[in-house]
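*Asks:* I have a structure here, written as structure tokens, and I will follow up with some questions on it.
The values are calculated or read from the model by the stated rules, or taken from the named source; none is laboratory data. Nothing here was measured: the structure is a model prediction, and the numbers come from that model. Glycine gets a Cβ as well: all are built from the backbone with ideal geometry, and neighbour counts include every protein chain shown.
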């Protein structure tokens with residue numbers, strides 16, 4: 001198990017990676033007032049909160065991310081498939097498949113709620129793109145990379161509880177976390193298991209609040 005000093009260094013490095021978009025990129029605007037926590041009204045897909053699900057997520061207001069997607073589609077001349085909702089996945093289904101040997105989703109939800117999951121702040125960083133070549137075509141997915149420190153802290157706490165209850169520390173890596181909000185995709189969403197890393201290194205547009213000119 002990592003010592004507190006190592007966790008602090010890891011958190012700092014992850015934060016720096018997530019918040020630094022490449023220089024010289026074009027920008028898209030976003031509705032900053034709609035994203036603010038005090039005005040948060042989550043998307044209609046409330047099933048993400050269901051403890052019977054095989055993942056943990058932070059549900060977010062859909063409208064501001066829909067606006068980003070529509071703007072992106074205009075810029076790229078694309079029509080993207082989308083789910084009509086917005087969320088940041090905190091624990092993925094493949095991760096929970098290993099965690100469930102020692103932790104139930106109810107326990108994970110209880111811990112996340114105690115740590116203020118629903119009140120977690122987040123900052124949009126950029127719009128990223130990841131692509132995967134296939135025979136005759138290329139699949140692509142687009143997303144908003146976000147900074148979300150408390151979500152990393154929740155993953156750290158889940159890891160520590162998992163290990164405390166006898167889980168193998170190699171079965172879950174809290175640092176392998178790339179918080180993002182999926183905007184849309186050409187064929188299907190692409191994930192870490194596809195060899196995709198949705199961090200600031202994949203940025204194609206920076207994001208600016210609408211109030212900034």
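*Asks:* Of (1) surrounded by fewer than 17 Cβ atoms within 10 Å (Cβ to Cβ); (2) more than 21 Å from residue 108 (Cα to Cα); (3) in contact with a helix residue (DSSP H, G or I) (Cβ under 9 Å, 6 or more places away or on another chain); (4) at pLDDT 85 or above, residue 54 satisfies all except one. Which?
*Replies:* Going through (1) surrounded by fewer than 17 Cβ atoms within 10 Å (Cβ to Cβ); (2) more than 21 Å from residue 108 (Cα to Cα); (3) in contact with a helix residue (DSSP H, G or I) (Cβ under 9 Å, 6 or more places away or on another chain); (4) at pLDDT 85 or above one by one, residue 54 breaks only (2).
*Asks:* Touching a residue at least 24 places away in the same chain (Cβ under 8 Å) and over 14 Å from residue 91 (Cβ atoms): is that true of residue 195 in this structure? Full working, then the answer.
*Replies:* On the way: touching a residue at least 24 places away in the same chain (Cβ under 8 Å): yes; over 14 Å from residue 91 (Cβ atoms): yes.
Yes, satisfied.
*Asks:* Which of the residues spanning region 160-177 are in a helix (DSSP H, G or I), in contact (Cβ under 8 Å) with a residue 12 or more places away in the chain and surrounded by fewer than 22 Cβ atoms within 10 Å (Cβ to Cβ)?
*Replies:* At the first step, the residues of region 160-177 found to be in a helix (DSSP H, G or I) are 160-164, 169-171.
Narrowing further to those that are in contact (Cβ under 8 Å) with a residue 12 or more places away in the chain: 160-163, 169, 171.
Within region 160-177, 160, 161, 163, 169, 171 qualify.
*Asks:* Considering only region 90-104, I want to know if a residue exists there that is assigned to a strand (DSSP E or B), in contact (Cβ under 8 Å) with a residue 60 or more places away in the chain, surrounded by 14 or more Cβ atoms within 10 Å (Cβ to Cβ) and within 19 Å of the chain's Cα centre (by Cα). If you could, list the steps in order and put the result at the bottom.
*Replies:* Here is the first cut: in region 90-104, the ones assigned to a strand (DSSP E or B) are 90-91.
Those left that are additionally in contact (Cβ under 8 Å) with a residue 60 or more places away in the chain: 90-91.
Add one more test, that the residue is surrounded by 14 or more Cβ atoms within 10 Å (Cβ to Cβ), and what stays is 90-91.
From what's left, within 19 Å of the chain's Cα centre (by Cα): 90-91.
Among the residues of region 90-104, at least one is assigned to a strand (DSSP E or B), in contact (Cβ under 8 Å) with a residue 60 or more places away in the chain, surrounded by 14 or more Cβ atoms within 10 Å (Cβ to Cβ) and within 19 Å of the chain's Cα centre (by Cα), which makes the answer yes.
*Asks:* Among the residues that make up region 190-205, is at least one of them within 16 Å of residue 68 (Cα to Cα), surrounded by fewer than 21 Cβ atoms within 10 Å (Cβ to Cβ) and over 15 Å from the mean Cα position of the chain (by Cα)?
*Replies:* Residues of region 190-205 that are within 16 Å of residue 68 (Cα to Cα), as a first pass: 203-205.
Those left that are additionally surrounded by fewer than 21 Cβ atoms within 10 Å (Cβ to Cβ): 203-204.
This time we only want the ones that are over 15 Å from the mean Cα position of the chain (by Cα), so: 204.
Yes: one or more hits.
*Asks:* Quick one: count up the residues across region 109-129 that are under 30 Å from residue 75 (Cβ atoms) and more than 14 Å from the chain's Cα centre (by Cα). Before the answer, list the steps.
*Replies:* First, pick out the residues of region 109-129 that are under 30 Å from residue 75 (Cβ atoms): 120-129.
With the extra rule that they be more than 14 Å from the chain's Cα centre (by Cα), the set shrinks to none.
Residues flagged as under 30 Å from residue 75 (Cβ atoms) and more than 14 Å from the chain's Cα centre (by Cα) within region 109-129 amount to 0.
*Asks:* What's the number of the only condition in (1) out of contact with any helix residue (DSSP H, G or I) (no Cβ under 8 Å at 6 or more places or on another chain); (2) buried (at least 21 other Cβ atoms within 10 Å of the Cβ); (3) in a helix (DSSP H, G or I) that residue 113 fails to meet?
*Replies:* The one condition residue 113 does not meet is (2).
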